[in-house]
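I have placed the structure first, in the form of structure tokens, so that the comments after it can refer back to it.
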Amino acid sequence: MDQLLVALDVDTADEARALAGKLRGVVGGFKIGSRLFTGEGPAIVSELASRGDRVFLDLKFHDIPNTVAGAVAAATRIGAWMINVHAAGGSAMMRAAAEAAHTEAARMSRPAPVLIAVTVLTSLDDSVLPEIGVQGRLPDHVERLALLAKASGLDGVVASPQEIRAVRARCGTDFAIVTPGIRGGDDARQDQRRTMSADEALAAGATFLVVGRPILAAPDPRAAAERIAALCRTSPA
């Protein structure tokens with residue numbers, strides 16, 4: 001199921017390798033975030049990529065344009081298939097990131113990575129936005145950032161399930177929407193507030209789904225991934 005990306009939210013490369021080994025052939029790729037990357041560094045990205053795995057490097061770059069451009073070029077060199085930045089970094093930063101991704105990929109004679117922008121974290125809701133200086137409704141802010149990302153030359157955005165339809169309507173069918181906050185499994189911990197089931201998210205127009213705890217915390221992660229993949233196949237999307 002190519003649209004299903006599993007978050008390797010573990011501490012060590014050994015744990016990541018074991019999970020990848022169990023899930024390879026069932027899922028479409030693996031997300032490596034700050035937890036695993038901080039502990040193990042770029043080697044685990046390169047290792048999985050060299051095995052043919054699609055690796056979404058989820059480090060949410062957010063800095064001055066030159067610094068982000070350098071980081072995106074480095075991520076491209078180590079084989080990341082998908083990379084994200086924060087849309088709140090602005091158009092100049094996103095344009096620099098896109099140029100760096102394409103330039104580095106061309107230099108290495110490989111396809112450019114899918115470059116996407118984070119809009120609003122799924123742990124936030126309308127009640128939190130004023131704390132960070134954002135006025136207005138959360139869905140409107142997500143739409144504004146998505147349009148800015150598209151105008152800046154990015155391939156898509158990260159958006160919660162609840163904003164998929166609006167982003168799809170505003171940004172078109174060729175704009176990738178990567179969606180975390182997918183419900184499933186028996187894990188009671190829930191720090192993502194804007195959620196949806198996998199089939200609902202795909203029906204709404206998501207391009208890729210990122211699933212972590214519902215698979216990682218399951219007694220049998222491969223069986224859990226197969227159940228979610230089967231659910232996705234029934235989606236009308």
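No lab work stands behind these numbers, since they all come straight from the coordinates. This one's a predicted model, so the numbers in the text were calculated from it and none came from an experiment. Glycine gets a Cβ as well: all are built from the backbone with ideal geometry, and neighbour counts include every protein chain shown.
In this structure the amide hydrogen of F61, modeled in the peptide plane, comes within under 5 Å of the amide hydrogens of N84, V85, H86, none closer than 5 places in sequence on its chain.
For the pair T173 and T103 in one chain, pulling the backbone fully straight at 0.36 nm per residue adds 22.6 nm over the alpha carbon distance.
Annotation: amide H of G29 within the under-5 Å range of V6, sequence separation 5 or more or interchain, hydrogens built in the peptide plane. Can you bin the stretch 6-140 into rounded, prolate or oblate? Criterion: square roots of the alpha carbon gyration tensor eigenvalues sorted a ≥ b ≥ c, rounded for a/c under 1.5, prolate for a/b above b/c, oblate for the rest. Verdict is oblate for the stretch 6-140. Which label belongs to the value computed from this structure, given these candidates for Cα extents along the principal axes in Å: (1) 53, 41, 35; (2) 75, 61, 36; (3) 44, 40, 33? Read-out taken from this structure: (3). Using a simple spin-label model with pseudo-atoms 7 Å out from Cα toward Cβ, R51 and T67 lie 3.3 nm apart.
Quick check: net charge around H102, other residues with Cβ under 15 Å of its Cβ, Lys/Arg +1 and Asp/Glu -1?
Numbers: positive: R77, R95, R107, R110; negative: E99, E104, D155.
Taking every Cβ under 15 Å from that of H102, the sum is +1.
Roughly how many whole Å is it from the C-alpha centroid of the stretch 127-185 to that of the stretch 16-34? Spelled out, the Cα-based centre of one part sits 25 Å from the other. Taking only the Cα atoms of the stretch 60-159, the radius of gyration and Dmax are 14.0, 46 Å. Here the 3J(HN,Hα) profile of the stretch 206-218, calculated from phi with Karplus coefficients 6.51, -1.76 and 1.60 at θ = phi - 60°, is 5, 8, 9, 10, 10, 10, x, 3, x, 9, 5, 8, 6 Hz, Gly and Pro shown as x. Per-residue 3J(HN,Hα) values for the stretch 25-31, derived from phi via the Karplus relation 6.51 cos²θ - 1.76 cosθ + 1.60 with θ = phi - 60°, read x, 9, 10, x, x, 10, 9 Hz in sequence order (x marks Gly and Pro).
Can you give the helix-only mean residue ellipticity at 222 nm for the chain, where every DSSP H stretch with n ≥ 4 adds -39500 (n - 2.57) and the sum goes over all residues, rounded to the nearest 500 deg cm²/dmol? Don't jump to the answer; show the numbers that get you there.
Working: 10 runs with 102 residues, N = 237.
-12500 deg cm²/dmol, from helical runs alone.
The aspartates and glutamates within cross-link reach of K31, meaning a Cα-to-Cα straight distance under 12 Å and a gap of 8 or more places when in the same chain, are D9, D53, D58.
Quick one: net charge around L36, please, counting Lys, Arg +1 and Asp, Glu -1 for every other residue with C-beta under 10 Å from its C-beta. Walk me through the intermediate numbers first.
Numbers: positive: K31, R35; negative: D9, D11, E15, E40, D58.
Counting the neighbours of L36, the net charge comes to -3.
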